[in-house]
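Working notes, structure below.
The values are calculated or read from the model by the stated rules, or taken from the named source; none is laboratory data. Keep in mind the model is a prediction, meaning the values are calculated, not measured. Ideal geometry is used to build each Cβ from the backbone, glycine not excepted, and the neighbour counts take in all protein chains shown. Note: areas computed on protein heavy atoms with side chains; ligands, DNA, RNA excluded. Shrake-Rupley method; radii C 1.70, N 1.55, O 1.52, S 1.80 Å.
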Amino acid sequence: MPFLQPPALWQAVLGELQVEVARASYETFLKDTRGAACEDHRLTVVTPSPFAAEYLQQKLYPLVKRTVAKVAKEPLEVRFSVAANESSTVGVSAAQVPHESNGAHRQHGLPPPALPLNARYTFQTFVVGKSNHFAHAAAVAAAEYSGQKYNPVFIISGVGLGKTHLLHAVAHRVMQRGGSVIYTSAEQFTNEFVTAIREGRVQEFNAKFTGPDVLLMDDVYAFSGKEQTQERFFHIFNELHQSGKQIVLTSDRTPMELTSLVERLRSRFGMGLIGDIQTPDLETRLAILRSKAEQRGAPVPDEVLALLARRVQRSVRDLEGTLNRVLAVAEMTNAPVTKELAANALEGLAARHERQVTAPGDLVALVGKHYRLPPDMLRGPSREKKIALGRHVAMLLLHQELGLTLSEVGRVMGGRDHSTVDHACKKVERYANADAVLRADLVSLREALQRPG
Ligand code: ADP
Ligand code: MG
């Protein structure tokens, strides 16, 4: 028998472990444990949840055992047992599959995914460039070191820039390693939750989302305004987070700012990582096009790729769409893919885009909203830095997005002449090259203009 009583013995062990274990793990898994009994050279430690018991058993057992031996001055087996209101116990043998009190939990292998995965969306087919390397690295870390490095991982970008692609890539990689994932969208999650409530199956619903090793949730902005679903999601999120399971979320950027949900998550789980995807630069756009053309087995001359990459800047989805269109036209007309053919094919596309027009006044209002400035101030004479920036951005977008001439833009913006407008547009473009925030502003404003309604 060790000379200390089990509670005191374990307290001393905790004191040692506190300096050995990462603070987050200690806080989550060790802090609320207590030494309950010591019989037959076996110390029983009570944990507050089955997750903590399993985590300690699987991840920290050798360290715990060593520390116990050191403090007790004799080797002891350690057994983690869940507090009385939970019924399960995790045995000492590492080979033993943890037994769970409610059977639906944590089955190993793959539960039916809530949404299907696209087999082509893998890390291999994802082209990494300046615009997305951060988000890519975060996704890789989530897949390779699930729950250990950054949790949650948030991928945020405008539409069509690769969020879903990265999420699927994480799923494929985790499954390859023998882990289990659940992939869903906020919308799907909401629908299932509503059904679960109606059918009295909320517990089953919980188990489905907390069971797998990794939860991947696409498009979380769809939660905004759905309070009850958000609450449930937070609950599940907490449970996953505490048991060291990886969570990866994606969200569109909204024109204003990140949604309240994202903010809320960020303030509560600040240890996560936000991976941002910007619109790809020309070089990356070219590389993506080249890769897509190769995947389709279609030989496309470099000059055509360059033409497409220059014309379509906003989203990779549009980029891919244009390539597909060009290839389709070539196939239908049985002609080789040349620059001329591509230019023709693109003309139709441009015409289609022009049809969805925003009124100049609405554009100015949108920019005003984005910078939290009244539109009149943007049109007015003030040279204050922030106001001038908003004004210049509005001018650029009126010119580039609505196709107004420089003089027309001048007229809309409070009667300025065309050279002033020209100067302003060039200035914004020059600044945007060096200033990521301004670039992000432009991306989200352009997206907002694309959005119907
Ligand atoms: P999002 O979810 O951000 O709206 P998606 O992930 O659906 O965007 O991407 C749109 C399309 O663009 C997909 O076909 C995807 O494969 C492709 N894509 C986006 N980024 C890349 C990239 N870096 N490399 C290769 N393909 C990409
Ligand atoms: Mg998506």
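State the answer as a single residue: which of Ala293, Ile247, Gly178 lies farthest towards the positive end of the charge dipole of the chain, with beta carbon charges of +1 for Lys and Arg and -1 for Asp and Glu, about the Cα centre.
Ala293
Of Lys385/Lys426; Lys65/Lys149; Lys130/Lys292; Lys226/Lys385, which ones are farther than 27 Å apart at the Cα?
Going by Cα-Cα distance, Lys226/Lys385 fall outside the 27 Å limit.
Taking all protein chains as present, what is the carbon and sulfur share of the accessible area of the chain, in % to the nearest whole number, probe 1.4 Å?
51 percent
Hey, how many Å between the Cα centroid of the range 1-52 and the Cα centroid of the range 361-399?
Centre-to-centre distance over Cα atoms comes out at 60 Å.
Where does the chain land at 222 nm, in deg cm²/dmol rounded to the nearest 500, when only DSSP H runs of n ≥ 4 count, each adding -39500 (n - 2.57), divided by all residues?
Estimated from H runs of four or more residues: -16500 deg cm²/dmol.
Rg(Cα) of the range 120-172 divided by 2.2 N^0.38 Å?
Rg over 2.2 N^0.38 Å, computed on Cα atoms: 1.04.
To the nearest 0.05, what FRET efficiency results for Leu63 and His41 with a Förster distance of 25 Å applied to their C-beta separation?
Efficiency at R0 = 25 Å is approximately 0.85.
Tell me which GluC sites (Glu not before Pro) from the range 128-229 have a DSSP coil assignment and no more than 13 other beta carbons within 10 Å of their own.
Here the sparse-neighbourhood loop sites are Glu199.
Treating the angle as unsigned and between 0 and 90°, give the value, to the nearest 10°, between the Cα long axis of helix 339-355 and the longest Cα principal axis of the chain.
80 degrees
Size of the dipole of the chain about the Cα centre, Lys and Arg at +1 and Asp and Glu at -1 on the beta carbon, nothing else charged, in debye to 20?
So the dipole magnitude of the chain works out to roughly 700 debye.
Let me make sure I get this right: for the range 320-426, a, b and c are the square roots of the gyration tensor eigenvalues over alpha carbons, sorted descending. Under 1.5 in a/c it's rounded, otherwise prolate if a/b > b/c, else oblate. Which is it?
Taking the square roots of the gyration eigenvalues as a ≥ b ≥ c, the range 320-426 is prolate.
Determine ³J(HN,Hα), in whole Hz, for all residues of the range 403-418 in sequence, where each value follows from phi through the Karplus function 6.51 cos²θ - 1.76 cosθ + 1.60 and θ = phi - 60°; x replaces Gly and Pro.
Result, rounded to whole Hz: x, 5, 6, 4, 5, 4, 4, x, 5, 4, 8, x, x, 9, 8, 5.
What shape does the range 390-453 take by its C-alpha gyration tensor, where a ≥ b ≥ c are the square roots of the eigenvalues and a/c under 1.5 counts as rounded, a/b above b/c as prolate, and the rest as oblate?
Oblate, because a/c is 1.5 or more while a/b does not exceed b/c.
Give the relative contact order (percent, whole number) for the chain; include only Cα pairs under 8 Å separated by 6+ residues.
12 percent
Which whole-Hz ³J(HN,Hα) couplings does the range 40-57 yield from phi under the Karplus relation 6.51 cos²θ - 1.76 cosθ + 1.60, θ = phi - 60°, glycine and proline marked x?
6, 6, 9, 9, 9, 10, 8, 10, x, 8, x, 5, 4, 4, 5, 4, 4, 5
Cα gyration tensor of the range 1-62, axes a ≥ b ≥ c as square roots of the eigenvalues: rounded (a/c below 1.5), prolate (a/b > b/c) or oblate?
prolate
Tilt of helix 6-20 relative to the longest C-alpha principal axis of the chain, in degrees (0 to 90, nearest 10)?
Helix 6-20 and the main axis of the chain meet at about 30 degrees.
Please list 3J(HN,Hα) in residue order for the range 235-247, calculated via the Karplus relation 6.51 cos²θ - 1.76 cosθ + 1.60 where θ = phi - 60°; whole Hz, with x for glycine and proline.
Coupling constants for the range 235-247: 4, 5, 4, 4, 5, 5, 4, 5, 8, x, 8, 7, 10 Hz.
For Ala37, list long-range residues whose amide hydrogen, built 1.01 Å from N in the peptide plane, is under 5 Å from its own amide hydrogen.
Excluding prolines and chain starts, which carry no amide H, the hits are Thr44.
Over all distinct Cα pairs, what is the inverse of the mean 1/r for the chain, reported as the Kirkwood hydrodynamic radius in Å?
About 25.6 Å, per the Kirkwood formula over Cα pairs.
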